[in-house]
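Student: My questions will all concern the structure given below.
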């Protein structure tokens with residue numbers, strides 16, 4: 001079975017295997033909105049290439065049009081050929097014979113991709129070619145091999161259901177299923193986005209080694225420049241449906257040739273050191289709604305000149321193997337390089353000394369009970385004997401992976417759930433059980449602490465305008481009278497005045513998160529709990545929101561309890577960190593001390609995974 | 001920051017809701033229902049003849065130019081009686097639907113948002129009502145207690161709240177888990193305010209749709225009761241009682257029983273169609289396009 005495949009492989013290595021020319025993707029609804037405009041690229045057999053872009057850049061649509069899986073109402077034009085065969089407009093039967101067998105797809109969410117009632121064995125079996133499946137002994141052997149290839153043992157996971165596996169293991173199973181028919185090209189759409197840092201590094205490493213061993217081509221779609229640079233030979237940067245730059249990964253990292261790429265590189269907060277000011281291009285990623293006259297990035301570019309708005313740039317060669325769509329790259333390259341090399345260091349502001357703590361956790365424990373249809377109730381210990389405190393005017397990071405109990409702690413503090421044992425104090429109040437507080441006391445406590453949640457889409461009421469949302473919060477502020485009005489709040493968080501009349505649906509993710517922050521600070525809290533506030537935002541917007549939170553802390557003197565899985569965010573935002581592992585504190589101390597000289601093996605492992613990814 | 005503002009202003013406002021034209025069938029349903037509402041409000045004014053004017057010499061005759069839908073055994077004009085009968089036919093169902101929606105939605109909202117004992121009590125109540133054979137209970141109770149109109153309304157409200165509770169509870173449960181509700185709780189808003197101002201607007205589509213479906217169910221229940229001579233004063237021109245009165249004369253003037261039957265079916269079908277459409281429009285209003 002492998003002989004004919006390898007023949008095809010050597011034949012194709014001479015010329016590009018996947019050729020995309022002038023690809024345009026348009027949405028039929030909404031006045032022929034262009035999602036992808038004139039995208040062309042080649043991918044040779046055995047090559048790994050990454051398409052990097054923020055939301056709305058058209059990267060996923062590009063990938064989906066290759067395999068003919070566009071959502072309804074969206075159509076692709078141009079030409080896509082794979083090993084000489086035209087894919088665009090091919091009949092469904094032809095597409096089906098290529099999809100899965102020769103081009104495989106690996107999707108973002110390993111939770112949704114696997115069928116919850118099928119075992120791992122059944123998943124792999126189903127993906128094997130029909131002739132293999134008919135032969136039971138061969139099939140069993142194949143399933144074992146496939147699982148082994150992705151580092152899983154048949155005996156351990158073969159009979160497991162997806163919910164019994166960790167996120168990283170699920171993605172491995174999905175990968176094994178995708179590779180079951182030995183495809184020549186693997187398209188991986190955000191394969192690591194939903195995973196924890198250490199699982200991310202694992203899966204990326206696995207992808208890299210598998211492509212090398214199999215001589216398989218990989219098209220990696222990601223929003224994360226770190227992931228792209230660490231896992232691929234060539235990188236293609238997309239923005240608002242156009243390609244802005246392409247080149248070999250190392251060169252791109254050393255010397256970006258487009259202001260947008262530079263922005264992405266700078267926006268990425270480093271794990272290794274504190275940065276005085278997180279830089280990013282202003283605004284949000286442009287939506288592709290409007291037809292473009294000039295450069296797609298012009299509106300956010302600090303080097304914009306009149307020609308950028310007037311003429312639509314095309315990709316031109318700039319150096320060996322590199323292309324850029326920047327009209328002024330010749331003139332601004334030097335300046336950009338200086339910007340990149342500019343010392344970004346600086347030391348974090350000195351943490352305040354022995355201010356009395358505003359919030360204290362003492363031996364807090366919490367278990368969750370899950371009931372099952374048959375059998376006994378199960379208990380999961382979410383948090384076990386956790387103690388720490390947040391000083392006034394201090395920023396404390398709560399770090400841990402999925403399931404480490406960090407969000408449970410925040411919910412206990414906010415009175416959204418109750419700890420089973422232990423004590424939580426906030427200011428002078430014992431807030432272990434909000435039900436025991438008198439209503440006046442509860443009102444005072446609620447004004448001491450506010451929260452910003454991760455999901456900017458769920459944390460605002462879709463039925464209320466920004467003005468209604470903020471107005472409500474203002475009416476509940478501490479003093480009852482005076483204070484900031486809606487306009488002042490909006491300008492505090494850097495939103496234009498017109499956004500007051502908008503509902504959340506009309507705002508971008510970054511704008512929504514600003515509204516959520518405005519709502520939280522409207523009450524003038526002394527402690528702001530931030531639960532992964534930037535985890536679902538684009539990189540460039542992430543940097544803006546982090547800067548905003550720093551700014552608010554500087555101006556209002558609010559203490560922060562910063563919950564995150566991202567060590568580089570922790571480095572930028574906190575004075576002290578508390579590392580949680582399986583509901584227990586494994587290490588805590590000054591941020592710089594813990595990140596530079598971790599003592600607990602788990603912390604070491606976390607930092608190792610994060611730096612590995614950073615390259 | 002000034003660059004940011006420039007950019008924002010240049011952005012076309014994306015928040016405008018796309019106005020969607022209803023499909024042809026729904027347009028027809030809307031038109032028909034508009035007619036029904038007209039008859040409901042202004043029935044006595046637009047009826048071509050006095051609906052109660054008897055002409056015993058004429059008796060029951062088939063449709064003619066003088067009486068478009070013919071007359072009944074007392075010689076009364078069927079068309080006029082149908083038009084005027086809209087009010088007694090629909091007032092009951094409307095009261096039932098409004099009452100059931102107010103009570104059922106409040107209970108459902110409470111159960112979905114609060115959970116715990118409140119949910120247990122409310123859900124068991126709904127289960128209990130579901131376990132009752134609805135119309136049979138209505139017939140027996142009204143029959144035993146002597147068939148008052150208000151009694152019929154009260155019993156049908158009680159029987160209909162189960163649907164509302166189930167549907168609204170489910171929708172509220174989904175919303176109650178979203179972070180915006182947690183954020184409202186951290187602002188120390190009262191439960192009443194969170195339910196009324198935050199959750200209710202987001203489940204309005206469900207509430208309104210089940211209101212319309214309730215209306216349909218109540219219309220059919222009332223017509224059934226009227227057919228059995230229950231829940232409606234004798235001699236009233238409600239469609240259900242006309243239907244039963246006309247049965248005997250089906251060979252003399254078929255429209256006497258067919259016309260009210262068709263009206264009942266058309267009204268019910270229109271309401272269902274409009275319910276679907278309202279749900280679709282409202283539930284997509286706050287969604288990402």
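The values are calculated or read from the model by the stated rules, or taken from the named source; none is laboratory data. As the structure is a prediction and not an experimental result, all values here were calculated from the model. Don't worry about glycine lacking a Cβ; one is built from the backbone with ideal geometry, like all the others, and counts go over all protein chains shown.
Student: Taking the criterion of being modelled with pLDDT of 85 or more, away from chain B (no Cβ under 14 Å) and either within 30 Å of residue A:130 (Cα to Cα) or in a helix (DSSP H, G or I) (or both), would at least one residue in the range A:37-44 satisfy it?
Tutor: For the range A:37-44, residues modelled with pLDDT of 85 or more, away from chain B (no Cβ under 14 Å) and either within 30 Å of residue A:130 (Cα to Cα) or in a helix (DSSP H, G or I) (or both): present.
Student: Do the conditions hold for residue A:338, that is, is it under 29 Å from the mean Cα position of the chain (by Cα), surrounded by fewer than 19 Cβ atoms within 10 Å (Cβ to Cβ) and more than 14 Å from every other protein chain (Cβ to nearest Cβ)? Talk me through it step by step, then tell me what you get.
Tutor: On the way: under 29 Å from the mean Cα position of the chain (by Cα): yes; surrounded by fewer than 19 Cβ atoms within 10 Å (Cβ to Cβ): yes; more than 14 Å from every other protein chain (Cβ to nearest Cβ): yes.
Judged against the criteria, residue A:338 is a match.
Student: Identify, please: which residue in the range A:440-468 is more than 9 Å from every other protein chain (Cβ to nearest Cβ) and part of a loop (DSSP other than H, G, I, E, B) and is, among those, farthest from residue A:360 (Cα to Cα)?
Tutor: This residue is A:465.
Student: Here is a list: A:535, A:590. Which entry is surrounded by fewer than 21 Cβ atoms within 10 Å (Cβ to Cβ) and under 25 Å from residue A:422 (Cβ atoms)?
Tutor: Values: A:535 fails: under 25 Å from residue A:422 (Cβ atoms).
That would be A:590, the only listed residue that is surrounded by fewer than 21 Cβ atoms within 10 Å (Cβ to Cβ) and under 25 Å from residue A:422 (Cβ atoms).
Student: One residue is enough: does the range B:15-22 have a residue meeting the conditions under 25 Å from residue B:273 (Cβ atoms), in contact with a helix residue (DSSP H, G or I) (Cβ under 7 Å, 6 or more places away or on another chain) and either at pLDDT 75 or above or surrounded by fewer than 15 Cβ atoms within 10 Å (Cβ to Cβ) (or both)?
Tutor: Within the range B:15-22, one or more residues are under 25 Å from residue B:273 (Cβ atoms), in contact with a helix residue (DSSP H, G or I) (Cβ under 7 Å, 6 or more places away or on another chain) and either at pLDDT 75 or above or surrounded by fewer than 15 Cβ atoms within 10 Å (Cβ to Cβ) (or both).
Student: Determine which member of the set B:103, B:142, B:157 is surrounded by fewer than 19 Cβ atoms within 10 Å (Cβ to Cβ), in contact (Cβ under 8 Å) with a residue 12 or more places away in the chain and in contact with a helix residue (DSSP H, G or I) (Cβ under 9 Å, 6 or more places away or on another chain).
Tutor: On the way: B:142 fails: surrounded by fewer than 19 Cβ atoms within 10 Å (Cβ to Cβ); B:157 fails: surrounded by fewer than 19 Cβ atoms within 10 Å (Cβ to Cβ).
Answer to the selection: B:103.
Student: Do we find that residue B:148 is more than 20 Å from residue B:195 (Cα to Cα), under 22 Å from the mean Cα position of the chain (by Cα) and surrounded by fewer than 17 Cβ atoms within 10 Å (Cβ to Cβ) in this structure? Spell out how you get there, then give the answer.
Tutor: Details: more than 20 Å from residue B:195 (Cα to Cα): yes; under 22 Å from the mean Cα position of the chain (by Cα): yes; surrounded by fewer than 17 Cβ atoms within 10 Å (Cβ to Cβ): yes.
So residue B:148 fits the description; yes.
Let's see how each residue does on (1) modelled with pLDDT under 85; (2) in contact with a helix residue (DSSP H, G or I) (Cβ under 7 Å, 6 or more places away or on another chain):
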| position | (1), (2) |
| --- | --- |
| A:490 | no, yes |
| A:493 | no, yes |
| A:501 | no, yes |
| A:508 | yes, no |
| A:520 | no, no |
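Student: I'm told residue A:551 meets every condition in (1) in a helix (DSSP H, G or I); (2) without any contact (Cβ under 8 Å) to a residue 60 or more places away in the chain; (3) crowded, with 22+ Cβ neighbours inside 10 Å; (4) more than 9 Å from chain B (Cβ to nearest Cβ) except one. Can you identify the failing condition by its number?
Tutor: Among (1) in a helix (DSSP H, G or I); (2) without any contact (Cβ under 8 Å) to a residue 60 or more places away in the chain; (3) crowded, with 22+ Cβ neighbours inside 10 Å; (4) more than 9 Å from chain B (Cβ to nearest Cβ), residue A:551 violates only (3).
Student: Pick from the range A:482-513 the residues that are more than 11 Å from chain B (Cβ to nearest Cβ) and assigned to a helix (DSSP H, G or I): which of them is surrounded by the most Cβ atoms within 10 Å (Cβ to Cβ)?
Tutor: By that ranking, first place goes to A:513.
Student: Could you tell me how many of the residues in the range A:397-426 are out of contact with any helix residue (DSSP H, G or I) (no Cβ under 6 Å at 6 or more places or on another chain) and either within 20 Å of residue B:179 (Cα to Cα) or in a loop (DSSP other than H, G, I, E, B) (or both)?
Tutor: Number satisfying all stated conditions: 15.
Student: Hey, can you tell me all the residues within the range B:68-81 that are in a helix (DSSP H, G or I) and surrounded by fewer than 23 Cβ atoms within 10 Å (Cβ to Cβ)?
Tutor: Just the residues of the range B:68-81 that are in a helix (DSSP H, G or I), to begin with: B:78-81.
Matches in the range B:68-81: B:79 only.
Student: Further question on the same structure: What number of residues in the range A:133-164 are surrounded by fewer than 19 Cβ atoms within 10 Å (Cβ to Cβ) and in contact (Cβ under 8 Å) with a residue 40 or more places away in the chain?
Tutor: Qualifying residue count, the range A:133-164: 6.
Student: Can you find a residue in the range B:173-189 that is more than 13 Å from chain A (Cβ to nearest Cβ) and either crowded, with 20+ Cβ neighbours inside 10 Å or at pLDDT 85 or above (or both)?
Tutor: yes
Student: Kindly indicate which of A:194, A:174 is in a helix (DSSP H, G or I) and in contact (Cβ under 8 Å) with a residue 40 or more places away in the chain. Spell out the reasoning first.
Tutor: Numbers: A:194 fails: in a helix (DSSP H, G or I).
One residue alone meets the criteria, A:174.
Student: Identify the residue in the range A:68-87 that is without any contact (Cβ under 8 Å) to a residue 40 or more places away in the chain and under 23 Å from residue A:183 (Cα atoms) and, among all such residues, is surrounded by the most Cβ atoms within 10 Å (Cβ to Cβ). So that I can check it myself, show each step before the final result.
Tutor: Here is the first cut: in the range A:68-87, the residues without any contact (Cβ under 8 Å) to a residue 40 or more places away in the chain are A:68-69, A:71-72, A:84-87.
Cutting the leftovers down to under 23 Å from residue A:183 (Cα atoms) gives us A:68-69, A:84-87.
On the way: A:68: 19, A:69: 12, A:84: 10, A:85: 13, A:86: 12, A:87: 23.
Only one residue tops the list, namely A:87.
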